[in-house]
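The values are calculated or read from the model by the stated rules, or taken from the named source; none is laboratory data. Model, not experiment: these values are computed from the prediction. Here Cβ is always computed from backbone atoms with ideal geometry, including for glycine, and neighbour counts include all displayed protein chains.
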Amino acid sequence: MSSEVAGDAVAAGGARYRREEVARAAGVKVRNLRYYQERGLLPPPRREGRIAWYSDDHLARLRLIDDLLGRGYTVNGIAELLTAWEQGGGIAQLLGLRREMTRDWVQEEPVTMGLAELRELFGPAATSQDTRRAAALEYVRVDGDTVTFPSRRLLEATLTLLRQGVPLAEILDAGGFVHAQAAALADRFVALFRRHVIGPEGLEQLSATQLDHIAEAAAALRPVAGEVVAAEFARAMARRVEAEVAALLRTEQ
DNA sequence: ATTCTTACA
DNA sequence: TGTAAGGA
């Protein structure tokens with residue numbers, strides 16, 4: 001309906017949005033645009049007669065505000081952070097860093113199906129208690145009568161184990177264990193990054209060039225955590241399986 | 001008529 | 001944060 005004149009507006013990266021458009025794109029309510037603006041969180045839009053035009057900068061900023069709010073920051077707290085970053089001149093770099101650091105960690109397509117399809121896949125193996133546990137682990141979401149698995153890989157792994165005769169309850173036990181261990185590993189890597197790449201001062205004190213440097217480091221280190229875990233896990237499995245096979249062969253004799 | 005602001009609950 | 005009323 002309200003598509004822009006294709007061309008310069010979008011191609012130049014200078015997309016303009018009306019109030020409703022930014023609000024929808026950022027997932028905030030139109031009412032709050034004005035509120036954030038009054039509290040100094042959001043720069044005023046460019047005015048053209050009666051209509052207010054918002055830019056990509058406004059959009060990125062709104063997403064950041066919404067995210068920070070969701071993490072429990074107060075409006076005043078966010079205003080302080082924002083002004084501190086602005087005075088350091090690093091607001092653009094900060095938004096870029098945020099994008100770099102949160103990009104591509106999860107690259108999976110969710111799988112959606114109906115309840116009937118779910119029962120067909122899992123058969124009588126799935127009790128409602130299993131479903132609750134799976135939901136608690138965020139392996140599955142149930143809204144109404146549609147079921148969504150955020151990770152196709154985990155769904156397929158579960159089905160493979162099931163077909164090989166592993167009881168669903170025990171798959172979920174193992175899943176919960178892996179889930180927790182993965183969270184601990186992620187905590188560990190993030191803490192390392194926080195301590196040695198970002199440093200003790202936090203992002204607020206950093207200059208624009210320092211933020212650029214951190215974004216580079218984030219890009220360079222992104223694959224490292226996964227590689228380390230994969231390598232160590234492969235080595236552990238090799239040793240463990242070898243020991244298991246040796247034990248089996250001994251008892252056969 | 002539409003878009004945005006003001007003001008109040 | 002919702003919304004009724006009014007300015008442009």
**Prompt:** When you look at A:ARG39, is it within 16 Å of DNA strand C (Cβ to nearest atom), without any contact (Cβ under 8 Å) to a residue 12 or more places away in the chain and more than 24 Å from A:HIS213 (Cβ to Cβ), yes or no?
**Reply:** no
**Whichever residue in region A:2-22 is of a type outside the set (Gly, Ala, Ser) and at pLDDT below 55 and, among such residues, is farthest from DNA strand B (Cβ to nearest atom)** = A:ASP8
**Request:** For A:ALA25, indicate whether it is within 16 Å of DNA strand B (Cβ to nearest atom), at pLDDT below 85 and not assigned by TED's automatic domain parsing to the domain that holds A:ARG141.
**Result:** no
**Asked** What number of residues within region A:203-253 satisfy the criterion of being closer than 22 Å to A:ALA191 by Cα and out of contact with any helix residue (DSSP H, G or I) (no Cβ under 9 Å at 6 or more places or on another chain)?
**Response** 8
